[in-house]
Amino acid sequence: MDKVAVEKKWNKFWQENKVYKFDEKDVDNKYYVLEMFSYPSGAKLHVGHWYNYGLSDSFARYQIMKGKNVFQPMGFDAFGLPAENYAIKTGIHPQDSTLHNIEVMEQQLRNIGAIFDWDHEIKTCLPDYYKWTQWIFCELYKHGLAYRKKAPVNWCPSCNTVLANEQVVDGHCERCDSQVIKKDLTQWFFKITAYADELLSGLDKIDWPEKTKAMQRNWIGKSTGGEITFDLADGSGSFNVFTTRADTLFGCTYVVLAPEHPLVGKITTEEQLAAVQNYCDEVAKTDEIERLSTAKDKTGVFTGAYAINPINGCKVEVWIGDYVLASYGTGAVMGVPSHDARDYKFAVKHGLGINRVIKAASPDVDDSLPYCEYGVMVNSGEFDGMSTEQGRVAVVEKLAAIGKGKLTTNYRLRDWLVSRQRYWGAPIPVIHCPHCGEVLDENLPVMLPYDVEFKPDGTSPLAKHEKFIHDVVCPKCGAKATRDPDTLDTFVCSSWYYLRYVDPKNAEKPFDTELVDKMLPVDKYVGGAEHACMHLLYARFITKALRDMGYLHFDEPFKSLVHQGVILGPDGNRMSKSHGNVVSPDEFVSAYGADVFRCYLAFGFKYTEGGPWNDDGIKAINKWLDRAERYVLAAYGDYASCDEYGVDEKELNRVRHNTIKSVDNDYNEFSFNTAVARMMELVNAMSKYDNKTVKNAKLYRETADDLLKVLCPLAPHFTEELWQQTGHNGSIVVSEFPTYDEKALKTSEIEMLVQFNSRPKTRIMVDTSLTVAQIEKLVLSDVKVQELLGGASVKKVIVIPNRLINIIL
RNA sequence: GCCGAUGUGGCGAAAUAGGCAGACGCAAGGGACUUAAAAUCCCUCGGUGGCAACACCGUGCCGGUUCGAGUCCGGCCAUCGGCACCA
């Protein structure tokens with residue numbers, strides 16, 4: 001078969017006849033398969049795209065054959081930095097390059113032969129989409145979940161924009177790898193922290209890889225403890241510290257405030273003023289990465305002020321130190337050098353007191369200082385003898401009774417910084433009025449102007465567009481006002497696209513609530529693991545926020561998630577231009593066809609693992625499909641036919657049904673490699689059967705039909721062609737997936753292994769209807785076994801039905 | 001440091017529930033057909049020893065539980081991913 005030519009034919013046929021169109025009237029039987037949409041870069045589809053989209057499509061096709069009404073949309077995450085950077089380099093406008101790239105990619109995606117529903121396509125850079133992205137911003141704002149504040153933020157000097165916490169990797173920009181610096185800027189945030197607890201607990205309800213859930217848990221970083229109030233010794237005020245180890249409070253010999261703590265300026269004494277100011281200046285100059293380095297010395301300065309430890313009334317020194325972060329907890333900690341490694345280092349360096357208040361619970365545990373494990377309280381007055389678990393609550397409760405403490409929870413998760421000083425994104429729909437302050441512009445969309453000077457200089461490109469910025473009046477008071485010059489992080493666009501897919505042409509609303517409630521959540525979401533703490537977290541947040549506003553009525557957007565593995569270059573490195581190891585699917589697809597390529601990706605890797613690319617086996621897959629074709633056609637060819645149903649027939653039938661059973665299960669689990677292995681076994685069995693001179697045509701042909709059907713999701717064009725050539729009506733791609741016959745899997749006799757003391761010795765044929773006791777009797781009376789035993793006495797016989805018999809001597 | 005994975009032939013990888021390790025392939029070697037090549041078909045293919053039947057060893061390392069461990073338990077080592085002065 002000329003696979004390439006055949007693929008063109010069927011691809012056209014399916015699309016023209018809308019063979020596997022999602023039936024909008026049968027929503028109750030829907031199955032929503034979604035792959036993370038792609039960024040329309042100038043480069044062609046690479047092997048990774050095929051791996052993700054091609055095999056997810058096989059899963060979707062399998063669901064169709066299992067009778068599901070499958071919805072599998074595709075679109076483009078079209079805003080973003082790369083197009084803008086490309087524009088800066090080449091002068092080609094981002095809109096032009098993006099729309100062109102999308103056209104090219106659409107064609108390439110069609111060539112995979114996937115069932116994408118193009119009527120539901122989304123391009124996030126078009127006004128009819130970003131209008132609703134802006135609408136979401138407005139809704140969040142109205143519900144107090146979007147706000148603007150001045151804060152130290154991550155700034156990428158190369159991309160000339162701020163970044164979200166999630167986009168900073170090891171202190172470097174996720175995109176361009178430049179070192180990120182801290183800047184104090186006024187920026188827009190989404191209050192994702194309001195959902196911290198639900199984002200955490202919701203993880204228990206969803207079928208996601210444990211690894212990914214663990215990463216989100218980690219990222220959210222819940223920690224329970226208490227806030228404890230220290231009064232200043234001179235009575236001029238107080239401050240709180242956060243601790244998870246209130247049981248160590250009696251060991252507190254000093255307290256440390258973050259250098260940015262608002263109290264620092266007020267409490268510093270005359271003598272210490274110069275030192276403190278000097279220290280704060282130094283800290284401000286050091287960049288975040290250096291400051292957060294664990295290896296760094298625990299520097300700090302005494303403020304000259306004293307505070308009172310509320311549990312025992314002891315007077316302790318108040319220091320400042322940059323190991324205390326202003327942005328976590330209360331920006332102040334109690335110093336307990338005896339039971340905290342950092343405090344210990346700090347105390348030793350600055351000559352502060354060390355006072356042990358926890359003993360190891362069991363005497364054989366290393367009890368040296370600092371002792372940071374849980375243990376038993378000592379030197380702690382009435383609390384002596386209490387365990388850490390009890391004490392960390394009891395101490396706070398005692399303080400709460402006198403208004404000096406309360407139990408609290410802290411999260412590592414920070415609010416999501418969404419404004420970007422870049423051009424190619426959705427404009428933030430806010431107008432700044434000299435009288436009313438910030439006012440939402442609900443006259444959407446706020447159009448992104450085309451004629452913009454987007455060369456980066458650290459200010460937003462839109463800020464330099466006179467008309468965009470100034471040609472506006474305040475919606476409230478009508479005064480001359482200005483627009484917000486920033487655009488939204490592209491992760492905002494992608495945080496709700498799975499909702500728009502089901503209702504992409506709705507001009508009245510972002511989506512119809514009733515429809516979305518029926519179509520969501522996504523039943524199977526497939527995409528890379530690298531989005532664990534970004535897109536996958538943001539999407540969950542937006543879903544929950546929209547739910548609380550009443551726009552939808554479910555809690556989680558993605559019921560079940562699968563991460564495909566990464567296909568590396570042949571050298572084992574991540575594919576990249578700089579490594580020069582990028583493998584293009586094109587030459588393989590044009591030589592062997594899309595089905596062969598897809599089957600090869602299916603067979604060559606464990607789906608969730610991926611691995612280095614190697615094209616040695618692709619020829620073998622091509623040969624295998626040729627082999628399958630030969631025997632399918634042979635089954636439908638001329639030969640001496642009979643109704644016989646002997647040993648050979650039973651064996652062929654057994655392999656046939658075993659293949660159906662296994663492959664059915666394998667598709668469900670994205671275990672494409674083993675599915676192909678089982679199908680290869682079936683082809684081998686057919687080849688063996690074909691050697692018979694007289695064959696049972698009914699069985700042979702049914703087997704051929706079943707082979708085509710189980711193979712169909714992985715090789716749709718190939719099987720469709722053979723389906724037609726063997727005289728079937730209708731399209732195989734929408735036929736029913738075969739069911740297996742349990743009876744066919746069972747044979748009347750089975751060969752069992754005989755072991756002596758767990759050592760394999762011989763084999764014996766056993767009737768499968770025998771009981772364990774009968775098998776035991778049979779094996780002991782077997783001539784061969786008798787001979788091997790040579791009269792030795794048998795202590796015990798262990799029979800594992802259908803597998804082995806272990807004789808203990 | 002903490003969290004999560006992973007570790008099996010020359011290679012990609014299999015192994016529902018503790019039961020014949022290496023399914024299914026690739027590569028390699030041998031053979032049939034062929035004037036020859038391609039294609040196709042058949043055989044061998046974890047290691048060591050042996051003519052052989054067979055024996056011993058073998059799933060990162062060391063122990064344990066069990067009639068029986070790739071799988072369970074304890075302790076290590078290595079690689080990869082994530083988090084990290086988070087109080």
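Quick rundown of the values:
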item: Which numbered condition A:Arg763 fails, given (1) under 30 Å from A:Leu711 (Cα atoms); (2) assigned to a strand (DSSP E or B); result: (1)
item: Residues satisfying the stated conditions in segment A:173-193, i.e. aliphatic (A, V, I, L, M), surrounded by fewer than 20 Cβ atoms within 10 Å (Cβ to Cβ) and modelled with pLDDT under 80; result: A:Ile181
item: Conditions (1) buried (at least 16 other Cβ atoms within 10 Å of the Cβ); (2) within 23 Å of A:Val168 (Cα to Cα); (3) not hydroxyl-bearing (Ser, Thr, Tyr): number failed by A:Gly458; result: (1)
item: Residues (charged (D, E, K, R) and on the phi > 0 side of the Ramachandran plot) located in segment A:711-735; result: none
item: Candidates A:Glu139, A:Glu174 - the one that is of a type outside the set (S, T, N, Q) and either farther than 30 Å from A:Leu561 by Cβ or touching a residue at least 24 places away in the same chain (Cβ under 8 Å) (or both); result: A:Glu139
item: Segment A:790-802: number of residues that are farther than 19 Å from A:Glu749 by Cα, surrounded by 13 or more Cβ atoms within 10 Å (Cβ to Cβ) and in contact (Cβ under 8 Å) with a residue 12 or more places away in the chain; result: 2
item: Enumeration of residues in segment A:326-348 that are of a type outside the set (Gly, Ala, Ser) and closer than 26 Å to A:Pro152 by Cβ; result: A:Tyr328, A:Thr330, A:Val333, A:Met334, A:Asp340, A:Arg342, A:Asp343, A:Lys345, A:Phe346
item: Single match in A:Tyr147, A:Tyr86 (criterion: part of a strand (DSSP E or B) and hydroxyl-bearing (Ser, Thr, Tyr)); result: A:Tyr147
item: Pairs with Cβ under 9 Å, 6+ apart, first in segment A:177-199 and touching a residue at least 24 places away in the same chain (Cβ under 8 Å) and more than 20 Å from A:Arg412 (Cβ to Cβ), second surrounded by fewer than 18 Cβ atoms within 10 Å (Cβ to Cβ) and of a type in the set (Phe, Trp, Tyr); result: A:Trp188/A:Tyr147
item: Selection count where residues are more than 28 Å from A:Cys156 (Cα to Cα), out of contact with any helix residue (DSSP H, G or I) (no Cβ under 9 Å at 6 or more places or on another chain) and touching a residue at least 24 places away in the same chain (Cβ under 8 Å), scope segment A:432-472; result: 7
item: Of all residues making up segment A:218-270, the number that are among the acidic types (Asp, Glu) and buried (at least 23 other Cβ atoms within 10 Å of the Cβ); result: 1
item: Search result, residues across segment A:59-92 that are of a type in the set (S, T, N, Q) and closer than 22 Å to A:Gln108 by Cα; result: A:Gln72
item: Strands (runs of 3 or more DSSP E) wholly inside segment A:394-497 that include at least 1 residues being within 16 Å of RNA strand B (Cβ to nearest atom), closer than 25 Å to A:Ala151 by Cα and out of contact with any Asp or Glu (no Cβ under 8 Å at 6 or more places or on another chain); result: A:405-410
item: Pair list, Cβ under 6 Å, 6 or more apart: segment A:15-30 residue farther than 14 Å from A:Ile115 by Cβ, other residue in a helix (DSSP H, G or I) and of a type outside the set (A, V, I, L, M); result: A:Val27/A:Lys518
item: Any hit, segment A:320-334, residues being more than 10 Å from RNA strand B (Cβ to nearest atom) and in contact with a helix residue (DSSP H, G or I) (Cβ under 8 Å, 6 or more places away or on another chain); result: yes
item: Residue satisfying condition, being within 24 Å of the chain's Cα centre (by Cα), of a type outside the set (Asp, Glu) and over 30 Å from A:Thr739 (Cα atoms), within set A:Ile92, A:Ile136; result: A:Ile136
item: Test: residue in segment A:215-222 that is aromatic (Phe, Trp, Tyr) and near RNA strand B (Cβ under 9 Å from one of its atoms); result: yes
item: The one condition in (1) without any contact (Cβ under 8 Å) to a residue 40 or more places away in the chain; (2) over 30 Å from A:Asp503 (Cα atoms) that A:His100 fails to fulfil; result: (2)
item: Restricting segment A:368-391 to residues that are touching a Ser or Thr at 6+ places or on another chain (Cβ under 8 Å) and assigned to a loop (DSSP other than H, G, I, E, B), the residue that is surrounded by the fewest Cβ atoms within 10 Å (Cβ to Cβ); result: A:Leu369
item: Qualifying residue in segment A:277-287 (condition: among the aliphatic types (A, V, I, L, M) and near RNA strand B (Cβ under 9 Å from one of its atoms)); result: no
item: Candidate set from segment A:650-667 (those that are surrounded by fewer than 20 Cβ atoms within 10 Å (Cβ to Cβ) and in contact (Cβ under 8 Å) with a residue 40 or more places away in the chain); member that is farthest from RNA strand B (Cβ to nearest atom); result: A:Lys650
item: Condition met for A:Arg547 (buried (at least 23 other Cβ atoms within 10 Å of the Cβ), more than 18 Å from A:Val446 (Cβ to Cβ) and of a type in the set (Lys, Arg)); result: no
item: Check on A:Val766, without any contact (Cβ under 8 Å) to a residue 24 or more places away in the chain, of a type in the set (A, V, I, L, M) and away from RNA strand B (no atom under 14 Å from the Cβ); result: no
item: Helices (runs of 4 or more DSSP H) wholly inside segment A:525-605 containing at least 3 residues that are in contact with a Lys or Arg (Cβ under 7 Å, 6 or more places away or on another chain) and free of Cβ contacts under 8 Å to residues at least 24 places away in the same chain; result: none
item: Checklist (1) buried (at least 17 other Cβ atoms within 10 Å of the Cβ); (2) of a type in the set (Asp, Glu); (3) within 15 Å of RNA strand B (Cβ to nearest atom) applied to A:Glu720, failing item; result: (3)
item: Enumeration of residues in segment A:613-636 that are surrounded by fewer than 15 Cβ atoms within 10 Å (Cβ to Cβ) and within 7 Å of RNA strand B (Cβ to nearest atom); result: A:Asn614, A:Asp616, A:Gly617, A:Lys619, A:Ala620, A:Lys623, A:Asp626
item: Verdict on A:Val348 being free of Cβ contacts under 8 Å to residues at least 12 places away in the same chain and out of contact with any Lys or Arg (no Cβ under 9 Å at 6 or more places or on another chain); result: no
item: Matching residues in segment A:131-173 - criterion: being more than 25 Å from A:Arg500 (Cβ to Cβ), within 16 Å of RNA strand B (Cβ to nearest atom) and among the charged types (D, E, K, R); result: A:Asp170
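The values are calculated or read from the model by the stated rules, or taken from the named source; none is laboratory data. Computed from a prediction, not measured in an experiment: that's the story for all the values here. A quick note on method: Cβ atoms are made from the backbone with ideal geometry, for glycine too, and the neighbour counts reach across all protein chains shown.
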